[in-house]
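J.: My questions all concern the structure below.
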Amino acid sequence: MSKITLGYFPGCSGLGTSAEYEKSTRAVCRELGIDLREIPDWNCCGSTPAHTVDPVLSSAFSARVFAQGEQVGITDVITPCPSCLSNLRNALRHMDDELFAARVDALTERPLKQEHSIKSVLQVIVEDIGLDSVKARVRKPLTGLKAVAYYGCLMNRPEKVMRFDDPENPVAMDQVLEVLGAEVLPFPLKVDCCGGSMSIPARRSTPHLAGKILDLAGEMGADVVVVACPLCQMNLDLRQGQSRAAGLKYTLPVPYFTQLMAYAFGLSDADTAFKLLAEDIAPAFTCMSRRSDEIKAEEARKAVLAEEKARAAAEKAAKTQAGTETAAEKQPGGKSRANSASAAGGAA
Amino acid sequence: MRIGVFICHCGSNIAGTVDCAAVAAKAATYPDVAYATDIMYACAEPGQDAIIAAIKEHQLSGVVVASCTPRMHEPTFRKTVERAGLNRYMFEMANIREHVSWIGKDIEANTNKAAELVRMAAAKLRLNKELKPKSFPVTKRLLVVGGGVAGIQAALDAADAGLEVILVEKQPTIGGKMAKLDKTFPTVDCSSCILGPRMVDVAQHPNITLYAYSEVESVSGYVGNFDVKIRKKASYVDWVKCTGCGLCTEKCPARKSYDRFNEGVGPTTAIIIPFPQAIPKKASIEREHCRLLTGGKCGVCAKVCPTGAINYAMEDEIIEARVGGIVAATGYDLIDWKIYEEYGGGRYPDVVTSLQYERMLSASGPTGGHIKRPSDGVEPKDVVFIQCVGSRDPSIGRPYCSGFCCMYTAKQAILTKDHIPDSQSYVFYMDIRSPGKGYDEFTRRVQEEYKARYIRGRVSLVYPKGNKLIVRGADTLMGVQVEVEADLVVLAVGAEAASESAKLAEKLRISYDSYGFFMEGHPKLKPVETNTAGVFLAGACQGLKDIPSSVAQGSAAAAKAIGLLSRDMLDSDPQIAFVSANRCVGCGKCIEVCPFKAIQEIDLRGQPKAEVIETVCQGCGLCNATCPQGAIQLSHFTDNQILAEVEALCRF
Amino acid sequence: METVCLNKQDNSFTRAVEERSGQVVSRCYQCGNCTAGCPMSFLFDYPVSRIMRLIQAGQKETVLSSKAIWLCAACNTCTQRCPNEIDVSGVMDTCRQMARRENKFGVHAVRAFVNAFIDSVKFNGRSHEVGIMALYMLYTGRFWTDVDLAPKVLPKGKMAILPHRINGRAEVAAIISRYKQGFSDPELVRARLAAAGGQGAGASAGGDKGSRAGHGKEAAS
Amino acid sequence: MSVLNTKELRIIGFLCNWCSYGGADTAGVGRFTQPTDLRVVRVPCSGRINPLFILKSLLGGADGVLVSGCHPRDCHYAEGNFYARRRLELLKGFLPVLGIDPRRFEYTWVSASEGQRWQHVVEAFTAQIHGLGPARGWPEAPELEILNAVAR
């Protein structure tokens, strides 16, 4: 497979709370032939707080990131974090306006000279690498794992800016998990907000919103809630105790989709980085292997049954054939019925 | 030529932003203008009398009226000048209302523009010729397209008046959407009980020929004599032999076919009689579901049919007919609500459409009139109705109100309580629109007597949790977010013009708006006519309306058609093309482009020449613009006349 | 409740919100879909749809002093589902920015968090979670915020006690300080652009004019 | 006209009777304010429009010409607008040969129900012509004479 080289913006949380996302993303990209060139000395995109203050300030942070990339010839950038993606993408969109761009330049004093693009790691995997290539790398399929994919609010919204997947019923992560072998449950709250950006100043929101998402996932019988956003992950995983204190009945591991990819690709523990999750993923894998054994046993049983059925049908066909011949000899009128019977036998 | 110019004030409609007296004064200076004045209401009787008097007094030979659009009053004033003894085509209009006074407030600019428009009209009038119509016989037969309640009403009224009527219906039965309804608002009487007798009347009326399971293939010709081709789709059942006994539908093994009549609530067979009261009560096979027609094996219906009516080799049949007028009554369809992913996009079985719910309520429906959740067959207790799904929603390109959803939702809430006394209905609405006789009282009754909970707000999300559906909405009057745990969610899906109405409009050469609704001749004064003479509209195809309005419009369309076809002869429009034989070189380009095949080649002393068939020409002028010699000219819109208008502008 | 005198309606606020957000607020017909889908609604003093109504009615004081505009999570659910295609989330963002300008902070904690975040970026060039928490506790006096999480996070080494500082942090700090000094003021920049345009290309603060058009590559896709 | 020399330009519109003329009427009924420069010539169908009309207008002193017909496939006469489109596109390509800015001529479609669209069309086209300014005069137009000769 041909290698592709892309600029990479890890985002601040990759250095801290989403270290497992960062490690597994790099490992998965390596496996899939995506050469990541990290933007040198990148800065924070400003996240939600910056555009709360002013979109120009927010865009100025993003503009410096692009300028840093430009310096070393990087113009096509990918990032794992939807919040960073949203900020960087919005900055590019806003800067199409000349006055806005000039206002940003007045802050950075480093006007951009080239055109830039920013995409999510998920979009590149699904659209540029392709599900077939992902499938080809699976060594340890996730057969038997019941998963729900949770996308959060930023990945696909607003529709006109993000232009990726369906804004109400996205399927990209579902498809990735399916080719990894997992059973993906149709999760209706895929894009419901978990309140992540408000989890510190408005603490009450976490059990209310994240709790609702985890509760439905648990009720649907999911083993894991798979995510692609560090903010969501922190809110659903790290703060799951807060939700449980407020009445959540389930305990659910919340891995990043890249961690499950790394696992299915058969990569090392250092690459999957499961140990960094707050809620232990081991119980989910226990459920998975139990169910996987059941599935295998069921398949074996079906195979035996099918074989028996085929043998019986063959015998019956042979007998009917013989019978037809004798019947035809005795009674010409009986022929049509016998023929249709043998046709039916053949079809079976 | 002696031209008279009349500048209409139209009360203050024109005079408010145009100095009419100044325009008249200016007009008096134009070439050949013998008399010019302003007038309060030109179209009113005193106004018309004044025009007639002026024609006589000043020996006028042509008249310009500057007033409203010619699409409104050109016929009026043509009759006026005719009454004064002039030829009706020695008349021109300048549109100084819709095109001037109503679209700008600058009196100086408006007055100048009005004067220039009058100059253009006068310049054209100078080249007008007297034109005389020819008369031709009328075919006293009416085609009604669409057998819903509006089409049925139009067909019956016209047939009762003595006209021959051909009724074409796309589905295997007439009855349309009304036949699918359980009850009707605000009287809550049984829909099929009131529609059924009318359907039987259609079947039994000696003047009505019904082609069910048929579509209009093509239409040619013009008012008084349309030639239509009707495609009678293969039903694979000989309807002459079929008695409608229904034995075939009982024995058909393809039992998982989509039930179109029942909106997919429960499956049906491949050979069907849509419902017990169907007219015609004949069986038909839906090809895509039939095992024999798709797989080559089966033939059960042919075996059981007592009259040998099944014919798998049947092919579509084209029927040709000549009619004098056409009523389009093609109705509406529900919008594709599955674009609403936030309501499940069709993934949740217990989210149903209002029309599906009607079939669940109907005693002759697939559930026998018992309300059951499609997922598990359990009787629901909490039923949520969501209104305006696909209505008043600019984000999906449907900004209009569908008009009848508020009322049928109220009716369905009442019926829910009647069917399940311990149930609770919740209705999410934006505004309650109930401006009919007894309608608002009805929407009060559902809340006061039947205790349906009306919540003012849209619903943002519906999702399944366990065996419930969580409905997340807002109560904007309380100013809070609300949630309902529902057993069943009914979407009051908005409506749009029937799926193939645009295609039919093109065949009929009538206009349709951006939503596919057919355009009436005038939004107020010609609600059932179209701009194509002889084509009339009835029912929801013109704009969404409820049953009483559809019936009224059906009758109105019939009345218009009866009026037209009561005449033995019609006058042809003399604004048609004519050929100057000495200029024509016989190249035949006009024959090629004419959309109506109204030009034929003739031999004139050994030379090929074009000749216009006067009764066929529709006066589009395509030939005129095509002719390299300028030999073929459109009367009343000749090259010289149009260029005179251009010059009247450019010279100044 | 106070009677609102409609004759004295202040349209300038409505216009200002429309101009800054680029949205036509009068398109809102109060269907409530934004309120229905809003995840933070339960914490709001005014539901989103009511905020839209208040903007239509020019009720500047009520809107800019509300808690709602500070508690909006910017999740875009309202924008996505608005039948009138109003970027409701963008309107909320605009109101928040306007409130900040007028020194109105309906929810102190949000402001403190925002300030803590921006300060962390100013000091380090990147956001530093432990640092943000420390600053946030300092600004709010909420010293026990999320300390229940510490035993989970710290042993895993997920939260670095020391920030990752970038070499260009002075540059990032300069962006913030230039912002605070009003370098990006639209009138100022517009005037400069006009002056530069008059003198010819290349003279503006922005520099190379040719690069200005179209920073996004995907616009065509 | 003299008094309006400074504010108006000479714009001629050729409108088909069934769709665009109706659309302009609808705009009037809806009181959709428009610039006053446009003068409308009513023709039965856009297919009736001979490119010569447009050339005569432009060479005769008009600053802009707007043609509007029915939407594709919605022609009252089945296919007149289809012929019109082909002819007028050819004409647009031919205008620069005569030294006429092709932006002085536009062809569009507006249906009888689209009052608002008509308003936008008129506003946009009028602004476009004002952007171009008055057409330079054609005291003598030999091309016109040639064209006339060819057409007759």
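The values are calculated or read from the model by the stated rules, or taken from the named source; none is laboratory data. Source: prediction; values computed, not measured. Note that each Cβ is placed from the backbone with ideal geometry, even for glycine, and that neighbours are counted across all protein chains shown.
J.: Does C:Ser127 satisfy the criteria of being touching a strand residue (DSSP E or B) at 6+ places or on another chain (Cβ under 8 Å) and without any contact (Cβ under 8 Å) to a residue 24 or more places away in the chain? I'd like the intermediate steps shown before the answer.
T.: Working: touching a strand residue (DSSP E or B) at 6+ places or on another chain (Cβ under 8 Å): no; without any contact (Cβ under 8 Å) to a residue 24 or more places away in the chain: yes.
So C:Ser127 fails the test.
J.: What residue, of A:Lys119, A:Lys140, is among the basic types (Lys, Arg) and either in contact with a strand residue (DSSP E or B) (Cβ under 9 Å, 6 or more places away or on another chain) or without any contact (Cβ under 8 Å) to a residue 40 or more places away in the chain (or both)?
T.: A:Lys119
J.: Here's another thing I want to ask about it. Of all the residues that make up segment B:260-298, how many are closer than 22 Å to B:Asp316 by Cα and acidic (Asp, Glu)?
T.: 2
J.: Does A:Ile34 meet the test of being more than 8 Å from chain C (Cβ to nearest Cβ), touching a residue at least 40 places away in the same chain (Cβ under 8 Å) and either touching a Gly at 6+ places or on another chain (Cβ under 9 Å) or not aromatic (Phe, Trp, Tyr) (or both)?
T.: On the way: more than 8 Å from chain C (Cβ to nearest Cβ): yes; touching a residue at least 40 places away in the same chain (Cβ under 8 Å): yes; either touching a Gly at 6+ places or on another chain (Cβ under 9 Å) or not aromatic (Phe, Trp, Tyr) (or both): yes.
Judged against the criteria, A:Ile34 is a match.
J.: Considering each residue of segment A:2-25, count those that are touching a residue at least 60 places away in the same chain (Cβ under 8 Å) and either within 22 Å of A:Asp237 (Cα to Cα) or within 17 Å of the chain's Cα centre (by Cα) (or both), and give that number.
T.: In the first step, residues of segment A:2-25 are kept if they are touching a residue at least 60 places away in the same chain (Cβ under 8 Å); the result is A:4, A:6-11, A:13-14, A:17-21, A:23-25.
Checking which are either within 22 Å of A:Asp237 (Cα to Cα) or within 17 Å of the chain's Cα centre (by Cα) (or both) leaves us with A:10-11, A:13-14, A:17-21, A:23-25.
So the answer is 12.
J.: Let me ask something else. Quick check on my filter: what residues within segment D:81-108 are crowded, with 22+ Cβ neighbours inside 10 Å and either on the phi > 0 side of the Ramachandran plot or in contact with a Ser or Thr (Cβ under 6 Å, 6 or more places away or on another chain) (or both)?
T.: Within segment D:81-108, D:Asn81, D:Ala84 qualify.
J.: Another question about this same structure. Please determine whether any residue of segment D:14-25 is farther than 30 Å from B:Lys26 by Cα and not hydrophobic (A, V, I, L, M, F, W, C). Before the answer, list the steps.
T.: Applying the first criterion (farther than 30 Å from B:Lys26 by Cα) to segment D:14-25 yields D:18-19.
With the extra rule that they be not hydrophobic (A, V, I, L, M, F, W, C), the set shrinks to none.
No.
J.: Now for a separate question. Of the residues C:Gly216, C:Gly210, C:Gly198, only one is within 7 Å of another protein chain (Cβ to nearest Cβ) and at pLDDT below 90; which?
T.: C:Gly216
J.: On to the next question. If I filter segment B:581-612 down to residues being surrounded by fewer than 14 Cβ atoms within 10 Å (Cβ to Cβ) and within 12 Å of chain D (Cβ to nearest Cβ), which single residue comes out as nearest to B:Ser135 (Cα to Cα)?
T.: That would be B:Lys597.
J.: May I ask you to list the residues in segment A:50-70 that are surrounded by fewer than 24 Cβ atoms within 10 Å (Cβ to Cβ) and free of Cβ contacts under 8 Å to residues at least 12 places away in the same chain?
T.: A:Val53, A:Asp54, listed by residue number.
J.: Let me ask something additional. Checking the structure you have, find out if any residue of segment A:252-264 is out of contact with any strand residue (DSSP E or B) (no Cβ under 6 Å at 6 or more places or on another chain) and surrounded by fewer than 16 Cβ atoms within 10 Å (Cβ to Cβ).
T.: No, segment A:252-264 has no match at all.
J.: Additional query: Name the single residue that is surrounded by the most Cβ atoms within 10 Å (Cβ to Cβ) among those in segment A:15-31 being more than 10 Å from chain C (Cβ to nearest Cβ) and out of contact with any Ser or Thr (no Cβ under 6 Å at 6 or more places or on another chain).
T.: Among residues in segment A:15-31 that are more than 10 Å from chain C (Cβ to nearest Cβ) and out of contact with any Ser or Thr (no Cβ under 6 Å at 6 or more places or on another chain), the one surrounded by the most Cβ atoms within 10 Å (Cβ to Cβ) is A:Tyr21.
J.: Pick from B:Leu117, B:Leu156, B:Leu131, B:Leu86: which is in a helix (DSSP H, G or I), aliphatic (A, V, I, L, M) and farther than 30 Å from B:Val202 by Cβ? Working first, answer last.
T.: On the way: B:Leu156 fails: farther than 30 Å from B:Val202 by Cβ; B:Leu131 fails: in a helix (DSSP H, G or I); B:Leu86 fails: in a helix (DSSP H, G or I).
Residue meeting the stated conditions: B:Leu117.
J.: Restricting attention to segment C:125-139, which residues are crowded, with 19+ Cβ neighbours inside 10 Å and touching a helix residue (DSSP H, G or I) at 6+ places or on another chain (Cβ under 6 Å)?
T.: Taking segment C:125-139 first, the residues crowded, with 19+ Cβ neighbours inside 10 Å are C:125-129, C:131-133, C:135-136.
Those that are crowded, with 19+ Cβ neighbours inside 10 Å and touching a helix residue (DSSP H, G or I) at 6+ places or on another chain (Cβ under 6 Å): C:Gly125, C:Arg126, C:Ser127, C:His128, C:Gly131, C:Ile132, C:Leu135, C:Tyr136.
J.: So, one more: Please verify whether segment C:16-35 includes one or more residues that are without any contact (Cβ under 8 Å) to a residue 24 or more places away in the chain, aliphatic (A, V, I, L, M), over 20 Å from B:Asp431 (Cα atoms) and not assigned by TED's automatic domain parsing to the domain that holds C:Asn115.
T.: No, every residue in segment C:16-35 fails to be without any contact (Cβ under 8 Å) to a residue 24 or more places away in the chain, aliphatic (A, V, I, L, M), over 20 Å from B:Asp431 (Cα atoms) and not assigned by TED's automatic domain parsing to the domain that holds C:Asn115.
J.: For B:Glu483, all conditions in the list (1) surrounded by fewer than 20 Cβ atoms within 10 Å (Cβ to Cβ); (2) in contact with an Asp or Glu (Cβ under 9 Å, 6 or more places away or on another chain) hold save one; what is the number of the exception?
T.: Unmet for B:Glu483, out of (1) surrounded by fewer than 20 Cβ atoms within 10 Å (Cβ to Cβ); (2) in contact with an Asp or Glu (Cβ under 9 Å, 6 or more places away or on another chain): (2).
J.: Still on this model: Taking the residues in segment C:34-56 that are under 27 Å from C:Asn11 (Cα atoms) and aliphatic (A, V, I, L, M) as candidates, determine which candidate is surrounded by the fewest Cβ atoms within 10 Å (Cβ to Cβ).
T.: Looking at residues that are under 27 Å from C:Asn11 (Cα atoms) and aliphatic (A, V, I, L, M), I get C:Leu54.
J.: Shifting gears a bit: Only one residue in A:Leu189, A:Leu209, A:Leu185 is buried (at least 24 other Cβ atoms within 10 Å of the Cβ) and in contact with a helix residue (DSSP H, G or I) (Cβ under 9 Å, 6 or more places away or on another chain), so which one is that? Working first, answer last.
T.: Numbers: A:Leu189 fails: buried (at least 24 other Cβ atoms within 10 Å of the Cβ); A:Leu185 fails: buried (at least 24 other Cβ atoms within 10 Å of the Cβ).
Being buried (at least 24 other Cβ atoms within 10 Å of the Cβ) and in contact with a helix residue (DSSP H, G or I) (Cβ under 9 Å, 6 or more places away or on another chain) holds for just one of A:Leu189, A:Leu209, A:Leu185, which is A:Leu209.
J.: Given the options B:Asp382, B:Asp431, name the one that is at pLDDT 95 or above and out of contact with any strand residue (DSSP E or B) (no Cβ under 7 Å at 6 or more places or on another chain). Before the answer, list the steps.
T.: On the way: B:Asp382 fails: out of contact with any strand residue (DSSP E or B) (no Cβ under 7 Å at 6 or more places or on another chain).
Only one candidate qualifies: B:Asp431.
J.: Name the single residue, out of those in segment C:69-87 being closer than 23 Å to C:Ala109 by Cα and either in a helix (DSSP H, G or I) or modelled with pLDDT of 95 or more (or both), that is nearest to the other protein chains (Cβ to nearest Cβ).
T.: Step one: of segment C:69-87, the residues closer than 23 Å to C:Ala109 by Cα are C:69-76.
If we keep only those that are either in a helix (DSSP H, G or I) or modelled with pLDDT of 95 or more (or both) as well, we get C:69-71.
Working: C:Ile69: 10, C:Trp70: 8, C:Leu71: 6 Å.
If we take residues in segment C:69-87 being closer than 23 Å to C:Ala109 by Cα and either in a helix (DSSP H, G or I) or modelled with pLDDT of 95 or more (or both), then C:Leu71 is nearest to the other protein chains (Cβ to nearest Cβ).
J.: Something else now. Report those strands (runs of 3 or more DSSP E) wholly inside segment B:355-456 carrying at least 2 residues which are β-branched (Val, Ile, Thr). I'd like the intermediate steps shown before the answer.
T.: Numbers: elements: B:382-389, B:424-429, B:453-456.
Where strands (runs of 3 or more DSSP E) fall fully within segment B:355-456 and carry at least 2 residues being β-branched (Val, Ile, Thr), they are B:382-389.
J.: Determine if segment D:118-127 includes at least one residue that is within 14 Å of chain B (Cβ to nearest Cβ), in contact (Cβ under 8 Å) with a residue 24 or more places away in the chain, more than 16 Å from the chain's Cα centre (by Cα) and within 24 Å of B:Ser514 (Cβ to Cβ). Give the derivation first.
T.: Restricting attention to segment D:118-127, the residues satisfying the condition of being within 14 Å of chain B (Cβ to nearest Cβ) are D:118-123, D:126.
Then keep just the ones that are in contact (Cβ under 8 Å) with a residue 24 or more places away in the chain; that gives D:118-119, D:121-123, D:126.
With more than 16 Å from the chain's Cα centre (by Cα) added as a condition, the list becomes none.
The answer is no, given that none of the residues of segment D:118-127 is within 14 Å of chain B (Cβ to nearest Cβ), in contact (Cβ under 8 Å) with a residue 24 or more places away in the chain, more than 16 Å from the chain's Cα centre (by Cα) and within 24 Å of B:Ser514 (Cβ to Cβ).
J.: Within segment D:52-70, how many residues turn out to be facing chain B (nearest Cβ under 8 Å) and part of a helix (DSSP H, G or I)? Please lay out each step first, then the result.
T.: Here is the first cut: in segment D:52-70, the residues facing chain B (nearest Cβ under 8 Å) are D:52-53, D:56-57, D:60-62, D:70.
Subset that is part of a helix (DSSP H, G or I): D:52-53, D:56-57.
So the count comes out to 4.
J.: Confirm whether D:Val43 is facing chain B (nearest Cβ under 7 Å), surrounded by fewer than 21 Cβ atoms within 10 Å (Cβ to Cβ) and at pLDDT 90 or above. Step through it out loud before you land on a result.
T.: Values: facing chain B (nearest Cβ under 7 Å): yes; surrounded by fewer than 21 Cβ atoms within 10 Å (Cβ to Cβ): no; at pLDDT 90 or above: yes.
Answer is no for this residue.
J.: Of the conditions (1) within 14 Å of chain B (Cβ to nearest Cβ); (2) free of Cβ contacts under 8 Å to residues at least 12 places away in the same chain; (3) not charged (D, E, K, R), A:Ala222 clears all except one; give me its number.
T.: (2)
J.: Same structure again: Working carefully through the options C:Arg53, C:Arg96, find the one that is within 12 Å of chain B (Cβ to nearest Cβ), in contact with a Cys (Cβ under 8 Å, 6 or more places away or on another chain), assigned to a helix (DSSP H, G or I) and among the charged types (D, E, K, R).
T.: Details: C:Arg96 fails: within 12 Å of chain B (Cβ to nearest Cβ).
Answer to the check: C:Arg53.
J.: Would you tally the residues in segment A:172-203 being of a type in the set (Lys, Arg) and within 14 Å of chain B (Cβ to nearest Cβ)?
T.: In the first step, residues of segment A:172-203 are kept if they are of a type in the set (Lys, Arg); the result is A:190, A:203.
Filter once more, so that each one left must be within 14 Å of chain B (Cβ to nearest Cβ): A:190.
Qualifying residue count for the region: 1.
J.: Related question: Please work out which residue is surrounded by the most Cβ atoms within 10 Å (Cβ to Cβ), limiting yourself to segment B:58-115 and to residues that are over 30 Å from D:Glu8 (Cα atoms) and in contact (Cβ under 8 Å) with a residue 60 or more places away in the chain. Steps first, please.
T.: So in segment B:58-115, the residues over 30 Å from D:Glu8 (Cα atoms) come out as B:58-62, B:75-90.
Next, from what is left, pick out any that are in contact (Cβ under 8 Å) with a residue 60 or more places away in the chain: B:61-62, B:89.
Numbers: B:Ser61: 18, B:Gly62: 26, B:Tyr89: 21.
The residue in question is B:Gly62.
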